[in-house]
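The values are calculated or read from the model by the stated rules, or taken from the named source; none is laboratory data. If you're wondering where the values come from, they're calculated on a predicted model, not measured in any experiment. Virtual Cβ from ideal backbone geometry, glycine too; neighbours counted across all protein chains shown.
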Amino acid sequence: MSGTAVVVMGVSGCGKSTVGKACAEALGWDFVDGDDFHSDASIAKMRAGEPLTDSDRAEWLHRLSELLADAHAEHRQLFLPCSALRRAYREQLRSAHPGLRFVFLSLTQDDSLARVSQRHGHFFAPALVASQFATLEAPANEDGVLTVDAMLPVETLVDQVSTWLNRA
């Protein structure tokens, strides 16, 4: 699995950062949070409850693509939480890192809203949950994607992801 990278994807509140960090710790891989690469302007928009547009996401996805390309060149194993809501976003990330894999944390809009509403200190406003589901193009029939139930315990998700990666 040398040089493998996994994007942990899904709508806000699905547990991307929590699951990504837990998987990275369990496997001894690097962890970089995709949220850390949002521009100040995008964070301000999300705090204000304004959905991001494709244009807003372009710079962010470019930064993440560069990160993935560097990880690939350095043969680093990496977990990267990133919503990757549209297929075009996932294709852009794949083009930066051949063999890139995705773990899709699937949950309902009600569960997402409940989780986001309980978070304190995060820039993502609960009012944006509906826009994320409107934007989401679930990765059905895409190669290199594991879809899991985001409502399962983190330990179970780590086991599922580890087993999946070890089979490849």
For this session: Taking the residues in the range 150-167 that are of a type in the set (S, T, N, Q) and surrounded by fewer than 14 Cβ atoms within 10 Å (Cβ to Cβ) as candidates, determine which candidate is farthest from residue 115 (Cα to Cα).
Result: 166
For this session: Among the residues of the range 23-50, write down those that are over 17 Å from residue 61 (Cα atoms) and out of contact with any strand residue (DSSP E or B) (no Cβ under 9 Å at 6 or more places or on another chain).
Result: 26, 28, 44, 47, 48, 49, 50
Exercise. Just wondering, is there one or more residues in the range 44-65 that are under 24 Å from residue 154 (Cβ atoms), surrounded by 15 or more Cβ atoms within 10 Å (Cβ to Cβ) and either of a type outside the set (Asp, Glu) or touching a His at 6+ places or on another chain (Cβ under 7 Å) (or both)?
Worked result: yes
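For residue 46, are the conditions met, namely being hydrophobic (A, V, I, L, M, F, W, C), closer than 18 Å to residue 89 by Cβ and within 11 Å of the chain's Cα centre (by Cα)?
Numbers: hydrophobic (A, V, I, L, M, F, W, C): yes; closer than 18 Å to residue 89 by Cβ: yes; within 11 Å of the chain's Cα centre (by Cα): no.
The answer is no for residue 46.
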Problem set entry | Any pair with Cβ under 7 angstrom, 6 or more apart, that starts in the range 26-48 at a residue that is on the phi < 0 side of the Ramachandran plot and ends at one that is in a helix (DSSP H, G or I) and basic (Lys, Arg) | 31/21; 37/63
Problem set entry | Residue check, residue 114 of a type in the set (Gly, Ala, Ser) and touching a residue at least 40 places away in the same chain (Cβ under 8 Å) | yes
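For the range 89-105, enumerate the residues that are surrounded by fewer than 17 Cβ atoms within 10 Å (Cβ to Cβ) and modelled with pLDDT of 95 or more.
First pass over the range 89-105, keeping only residues surrounded by fewer than 17 Cβ atoms within 10 Å (Cβ to Cβ): 91, 95, 98-99.
Once the filter is applied, which keeps residues that are surrounded by fewer than 17 Cβ atoms within 10 Å (Cβ to Cβ) and modelled with pLDDT of 95 or more, the range 89-105 yields 91, 95.
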Exercise. Can we say residue 52 is in contact with a helix residue (DSSP H, G or I) (Cβ under 9 Å, 6 or more places away or on another chain) and in a loop (DSSP other than H, G, I, E, B)?
Worked result: yes
